[in-house]
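Scroll down for the structure; my scribbles are underneath it.
The values are calculated or read from the model by the stated rules, or taken from the named source; none is laboratory data. Just so it is clear, the model here is predicted, and its values are computed rather than measured. Counting neighbours? That spans all protein chains shown, and the Cβs are built from the backbone with ideal geometry, glycine included. For accessibility, only protein heavy atoms count, side chains too; no ligands or nucleic acids. Shrake-Rupley method; radii C 1.70, N 1.55, O 1.52, S 1.80 Å.
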Amino acid sequence: MTSESTREEFVRLLTQHQRRVYAYILGIVPNWNDADEILQETNIRLWSEFDRFELGTNFEAWAVRVAHFQILSWRKRVSRSRLFFDHSLVELIAQEFEAHSALADVRHQALRECVAALEPRQSELLARCYAEGAKIKQVAETLDRTTASVHKALQRVRLSLHKCIRRRLAAEGVT
């Protein structure tokens with residue numbers, strides 16, 4: 001793989017999994033500034049060791065593991081502080097994160113499939129209402145409807161999505 005394509009692949013994978021890595025760090029580190037610093041150190045470490053990463057394997061799991069070790073390094077630096085978690089708690093949080101991460105992936109996939117299965121009118125309403133900066137009142141005006149009718153229609157779409165997601169998860173044996 002060329003250096004340029006390696007860089008591109010790294011950026012793509014890092015961008016795709018950055019929120020989950022940050023969520024993991026925030027689940028363990030009580031201070032946002034410390035979490036930001038740990039994320040930055042994690043990203044530096046990921047980049048420096050990317051040539052060891054095997055493409056096709058689980059980048060998120062690898063990145064979270066690297067973050068885990070960065071957290072342990074951070075804990076050593078701040079061990080004199082009154083507020084830090086012991087090693088067993090950090091390990092427990094790491095295990096819980098991994099379990100919830102897999103479940104979140106299944107739920108997100110079910111949501112994507114259910115949104116894709118919506119009727120065009122429902123899909124359009126959802127897109128308009130959840131667009132950045134959207135206000136129900138403006139959506140209602142655009143559609144020449146009352147805000148109450150837009151709220152009610154949106155409520156029906158949400159309920160439909162909720163039922164669809166529950167059905168899909170139940171079909172996969174996930175609750």
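Here ALA140 meets each of (1) at pLDDT 90 or above; (2) open to solvent by 90 Å² or more (accessible area, probe 1.4 Å) with one exception, condition (2). For residues in the stretch 153-175 being of a type in the set (Gly, Ala, Ser) and under 18 Å from ALA127 (Cβ atoms), which is farthest from the chain's Cα centre (by Cα)? If we take residues in the stretch 153-175 being of a type in the set (Gly, Ala, Ser) and under 18 Å from ALA127 (Cβ atoms), then ALA153 is farthest from the chain's Cα centre (by Cα).
Looking at this structure, is GLU49 more than 20 Å from SER101 (Cβ to Cβ) and without any contact (Cβ under 8 Å) to a residue 40 or more places away in the chain?
Numbers: more than 20 Å from SER101 (Cβ to Cβ): yes; without any contact (Cβ under 8 Å) to a residue 40 or more places away in the chain: yes.
Yes.
Counting only residues that are part of a helix (DSSP H, G or I), touching a Phe, Trp or Tyr at 6+ places or on another chain (Cβ under 9 Å), closer than 12 Å to ALA67 by Cα and free of Cβ contacts under 8 Å to residues at least 60 places away in the same chain, the stretch 26-42 holds 8 of them. In the set VAL174, VAL106, only one residue is under 30 Å from HIS68 (Cα atoms), part of a helix (DSSP H, G or I) and of a type outside the set (D, E, K, R); that residue is VAL106.
Scanning the stretch 112-122 for residues that are surrounded by 14 or more Cβ atoms within 10 Å (Cβ to Cβ), assigned to a helix (DSSP H, G or I) and not β-branched (Val, Ile, Thr) gives CYS114, GLN122.
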